[in-house]
Amino acid sequence: MNSGMLAKFIFRTGQTKSNSKNSKVVKKFKSKEEYFIENGGILLEKQIALSQGKDMGAGQVKILSEDEIAKATNNYDPDLIVCNFRGVTVYKGIFDDKVVAVRTPQKLEPNPKLVDLLLTDVSIGMVICHNNMVKVYGCCLETCVPMMVCEFYPNNDLYRYLHGNMALRKLLNWKSRLRAATDIAYALSCMHNALSKPVVHRDVMSIGILLDESYHAKLANFGHSVVITPGKKDQRWPVHGTPGYIDPEYIKTEEVTEKCDVYSFGVLMLELLTSRDPVEMAQCGNDLVDEFVSDVSKHGLKAMIDMILIEEVNIDEIQWFTRLALKCVAKKGEERPSMIGVVEELWLIQDQVNHKNESKA
């Protein structure tokens, strides 16, 4: 499935939602086959078939039966639940002799919005394969809301470490935070450049970034992703994303460009530096970017940096990382760097850190 097919798929799922004549009428399906068709199964089967043989990770996504999902989760054993998030319950399960994460709906009732999100998530996994993106193994379309099977990451999400207790925060040292930023920048750069048309994530946030056993970061949650045409004006989409991370220019214009992701990534960089929660701040009517700039001008950079980092990091590295973050959160999208430029600069910072560590050894 190329980017054009992906665009048609995402557009089609959006149409399905908007064409509903009466949202209060809930259609009851009697068979798995009817759910399969309603959830776009025939289209997805064709896309998988057309993707066979292409070196994009496509074809590795399997269409699974409900029985296979039940087996993978030991009949939805509550002891295997990892987390609940945005209407989805995640189980730790076994599939094809692999430890996997199985995403199932919390409510067993038709939910067109959740169907759209999950099918878009699967579609992105079909066409873009990258080491720093969560791998999708398969999906089940035989239930009222599709279920996904993804790679499992034992260290949970980045949010847990940045905003957990002191012991967890200490596990995520400066080198780990810098590597996490580089991993996610690399994944976003791939989304923006790997296909003939850029794919914009639109929901970059720390809780949507998973960590493997070595604390390498993996970008997840592609349900709000959209395909755009470079240079085309008025590519307007209703504003989606997580408060605290959303590009203010996107909020104002509803125009989606790659620079929407660059802004959200810049917020993530500031979150990595400060261990302050952008979502919690937004709920209180504050903004991490504005507060960071204001407080640094009044009290200096060290006053804003997580105290755990101050104890171990060369201030030059912090300043370099901060300058790059502030470029990413520039008010105007045209003033922000591309994700390719961000990756290149993060690599340079990493080289400096590694060289310093080698010199100490």
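The values are calculated or read from the model by the stated rules, or taken from the named source; none is laboratory data. This structure is a prediction, so every number in the text was calculated from the model and none was measured. Quick reminder, even Gly has a Cβ in these numbers, built from the backbone with ideal geometry, and neighbours come from all protein chains shown. The accessibility values were calculated without ligands, DNA or RNA, using every heavy atom of the protein model including side chains. Shrake-Rupley method; radii C 1.70, N 1.55, O 1.52, S 1.80 Å.
Overview of results
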| quantity | calculated |
| --- | --- |
| Per-region count, region 311-361, residues at pLDDT below 85, closer than 23 Å to LEU162 by Cα and of a type in the set (A, V, I, L, M, F, W, C) | 2 |
| Strands (runs of 3 or more DSSP E) wholly inside region 67-114 that include at least 3 residues being out of contact with any Phe, Trp or Tyr (no Cβ under 7 Å at 6 or more places or on another chain) and open to solvent by less than 90 Å² (accessible area, probe 1.4 Å) | 88-95, 98-105 |
| Test result for GLY341, over 17 Å from PHE292 (Cβ atoms), out of contact with any helix residue (DSSP H, G or I) (no Cβ under 8 Å at 6 or more places or on another chain) and open to solvent by less than 70 Å² (accessible area, probe 1.4 Å) | yes |
| Failed item, numbered, when VAL279 is tested on (1) closer than 16 Å to ARG323 by Cα; (2) buried (at least 17 other Cβ atoms within 10 Å of the Cβ) | (1) |
| Residue within region 151-171 that is among the small types (Gly, Ala, Ser), part of a helix (DSSP H, G or I) and under 17 Å from VAL267 (Cα atoms) present | no |
| Given (1) crowded, with 21+ Cβ neighbours inside 10 Å; (2) in a loop (DSSP other than H, G, I, E, B); (3) at pLDDT 95 or above, index of the condition ASN221 fails | (3) |
| Condition broken by ALA180, with the remaining ones in (1) part of a loop (DSSP other than H, G, I, E, B); (2) in contact (Cβ under 8 Å) with a residue 24 or more places away in the chain; (3) under 30 Å from GLU254 (Cα atoms) satisfied | (1) |
| Out of ASP306, ASP295, ASP261, sole residue that is touching a Leu at 6+ places or on another chain (Cβ under 6 Å) and open to solvent by less than 70 Å² (accessible area, probe 1.4 Å) | ASP261 |
| Subset of region 193-205 [open to solvent by 10 Å² or more (accessible area, probe 1.4 Å), under 16 Å from GLY341 (Cα atoms) and not aliphatic (A, V, I, L, M)] | ASN193 |
| Enumeration of residues in region 117-142 that are more than 15 Å from the chain's Cα centre (by Cα) and open to solvent by 20 Å² or more (accessible area, probe 1.4 Å) | TYR137, GLU142 |
| Members of region 256-281 found to be closer than 16 Å to VAL343 by Cβ and in contact with a Phe, Trp or Tyr (Cβ under 6 Å, 6 or more places away or on another chain), listed by number | SER264 |
| Residues of region 167-192 that turn out to be farther than 15 Å from VAL343 by Cα, of a type outside the set (D, E, K, R) and open to solvent by 60 Å² or more (accessible area, probe 1.4 Å), as a count | 2 |
| Residue in region 146-158 that is modelled with pLDDT under 95, on the phi > 0 side of the Ramachandran plot and either surrounded by fewer than 21 Cβ atoms within 10 Å (Cβ to Cβ) or under 14 Å from the mean Cα position of the chain (by Cα) (or both) present | yes |
| Residue within region 213-227 that is at negative phi, of a type in the set (Asp, Glu) and under 16 Å from the mean Cα position of the chain (by Cα) present | no |
